[in-house]
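The values are calculated or read from the model by the stated rules, or taken from the named source; none is laboratory data. Owing to the predicted nature of the structure, the values given are computational and were not obtained by experimental measurement. FYI the Cβ positions are ideal-geometry reconstructions off the backbone, even for glycines, and counts take in every protein chain you see. Note: accessible area is taken over every heavy atom of the protein model, side chains too, but ligands, DNA and RNA are not part of it. Shrake-Rupley method; radii C 1.70, N 1.55, O 1.52, S 1.80 Å.
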Amino acid sequence: MEKNIIKFPENFLWGGATAANQCEGAYLEDGKGLSVSDFVTGGSRDIPRKFCTEIKEEYFYPSHMAVDHYHHFKEDVALFGEMGFKCYRLSINWARIFPNGDDEEPNEAGLKYYDDLFDELHKYGIEPLVTLSHYEMPWKLTEKYNGFQSRKTIDCFVKYAVTCFKRYKDKVKYWLTFNEINVTTQTSYGTYISAGVLSETDRAKKEPFPIDEMYVSSQMTYEALHHQFVASALAVQEGLKINPDFLIGCMICRIGLYPHTPNPKDVLACQKKEHLTHDLCGDVMVRGEYPSFAYSYFREIGINTDFITEEDKKILREGTVNFYTFSYYMSNCVTVDPTVEKVGGNMVGGARNPYLRMSEWGWQTDPDGLRYVLNLIHDRYPHIPLMVVENGLGGNDQADEAGNIHDEARIEYLREHITCLKQAIGDGVPLIGYTSWGPLDLVSVSTGEMHKRYGYIFVERYDDGTGDFARHRKDSFAWYQKVIASNGEDLL
Ligand code: BG6
């Protein structure tokens, strides 16, 4: 019954999503400056990536060559076109446009690269959706100003955003300011890659050290996050002056959260985590003000909120986003019981849910959680459209003897999640699009690995830095092509 009635809307934005630092490579080409991600070494599920303020010859830095999308973009876009993409979410590498972050003039070669990429996309009828900062702010902003610790970086971001809005106003309609802005508060590594902030101690270390040993205080973290909010709100205001038709969104890393038991203590702990992990950022960016639970939390952990000025409050009110986007891979349970089995996850871990299976990297697969999260978001922000801009399954795909890659587990994962998207649409959620993560294999952000692959397109690039970057279609390629051609009707 449900199957026949509920349909994806016409013009639904089907596609895929990438980030420049995870796919482009060419890390110093055509005038690009170093970016924060260029300082993070490779790692694995068991061995953390490392960081220090110097790039060392003896270490492998996956972003430096990534999967060489910079030189393969025409081939990659042609493959996206063949799959029938309606939309491609990509990020502009800020340091290609302003190599030092605070340059007087933008780098023309960097601007031209994205012009060419957008033109190529339009050739295939693919709508670009552009993230302005996806874990790749110019390193010099960290070096000089400690990233968003300083208000100076707000000005640099706004200048960069305005440069892009003006240059691409007729080529790009959909924009996101910061990828997963809430990741700034999740771990100290998150504060670094998202906001460019380091503690004095970490800055002084001369040898690469594990990213899970990075430490930034909560005071610095929330100040930096606030400066990102202000930068985003100013960019929204400027963007809408340049082209009132722009849709400029927030992008939040969402994890389905459930109380581990009906114990009211677990329920309250879960509610608090939902508020602090997801709603704090969403409320500031969509509603234009900090929610009261944020101020309670700041008091609880002793944060001095003088950095939230009256002028800033006005900027936040006047710079709200006009659509809400998010990533969703998995869910976790929340409990006050420290003895329960723990599981990892996308940035934050939690308690094991016995009803769910796990990926090879220990992320719990939960398609119903996606429907639940979509409804939660719509209930909270009923006036704006939503888009899922990341979702997918990282797997260690291998070619068989004939060279074919049978990624059945990925197809199953995507089929289940797309089914739940449809159900959420049936629930009344105004969903405008879906871009799955990593349509071509790319570098994993958490582990720095290549073999945690998400793509429909296999890229011959391996963890030891070998591989000739050749592209091959996996089984999921033809499957997703069919899904798009049928507008989500044919999921078999
Ligand atoms: C999201 C990020 O958190 O998850 C992406 O926006 C990232 O940049 C994706 O790649 C998947 O995570 P991972 O660690 O498997 O690469």
Please sort 83-89, 201-207 by packing, taking for each peptide the average over its residues of neighbouring beta carbons within 10 angstrom, highest first. 83-89, 201-207
Mind checking which helices in the chain clear 30 Å along their axis (Cα) and have mean Kyte-Doolittle hydropathy of 1.0 or more, DSSP H runs only? none
Can you show me the helix-derived [θ] at 222 nm for the chain, built from DSSP H runs with n ≥ 4 at -39,500 (n - 2.57) apiece and divided by the number of residues, rounded to the nearest 500. -11000 deg cm²/dmol
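Would you mind working out the magnitude of the charge dipole of the range 315-434 relative to its Cα centre, with +1 at each Lys and Arg C-beta and -1 at each Asp and Glu C-beta, to the nearest 20 Debye?
That gives the range 315-434 a dipole magnitude of about 520 debye.
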Summed residue charge, Cβ within 9 Å of residue 242's Cβ, Lys/Arg positive, Asp/Glu negative: +2
14 Å beta-carbon shell around residue 116, net charge (K/R +1, D/E -1): -3
With all protein chains present, how much of the accessible area of the chain (probe radius 1.4 Å) comes from carbon and sulfur, to the nearest whole percent? 52
Sorted on mean Cβ neighbours within 10 Å (highest first), peptides 300-313, 332-345, 67-80 come out as 67-80, 332-345, 300-313
Tell me, what is the FRET efficiency for residue 380 and residue 318 to the nearest 0.05, using R0 = 22 angstrom and their Cβ-Cβ distance as r? 0.60
Segment residue 74-residue 119, length gained on full extension (0.36 nm per residue, minus Cα span): 15.2 nm
Cα lying deepest toward the dipole's positive end in the range 240-388, options 257, 327, 359, charges on Cβ: 359
Using the Cα centre of the chain as the reference point, and only Cβ charges (+1 on K/R, -1 on D/E), how large is the resulting charge dipole? Debye, rounded to the nearest 20. 1060
Local electrostatic count, residue 395, Cβ distance below 14 Å [Lys/Arg +1, Asp/Glu -1]: -2
Going by average Cβ neighbours within 10 Å, how do the peptides 18-26, 214-222, 117-125 rank, with the highest at the top? 18-26, 214-222, 117-125
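Can you give the charge dipole size of the range 379-476 about its Cα centre, rounded to the nearest 20 debye, using +1 on the beta carbon of Lys and Arg and -1 on the beta carbon of Asp and Glu?
Magnitude of the dipole: close to 440 debye.
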Say the dipole of the chain comes from +1 at the beta carbon of Lys and Arg and -1 at that of Asp and Glu; which of 406, 336, 40 then lies farthest toward its positive end? 336
Looking at the calculated P(r) for the chain, what percent of the C-alpha pair distances fall above 41 Å? 12
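Pull up the DSSP beta bridges for the chain and report the antiparallel fraction as a percent, rounded to 5.
For the chain, the DSSP antiparallel bridge percentage is about 25.
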Simple spin-label estimate for residue 307 and residue 404 in nanometres, 7 Å along Cα-Cβ: 5.5
Round to the nearest 0.05 the FRET efficiency obtained for residue 462 and residue 482 when R0 = 25 Å and r is the Cβ-Cβ distance. 0.25
Residues of the chain: accessible area per residue with a 1.4 Å probe, Å²: 37
Report the full-extension gain for the segment residue 11 to residue 215: residue separation times 0.36 nm, less the Cα-Cα distance, to one decimal in nm. 69.0 nm
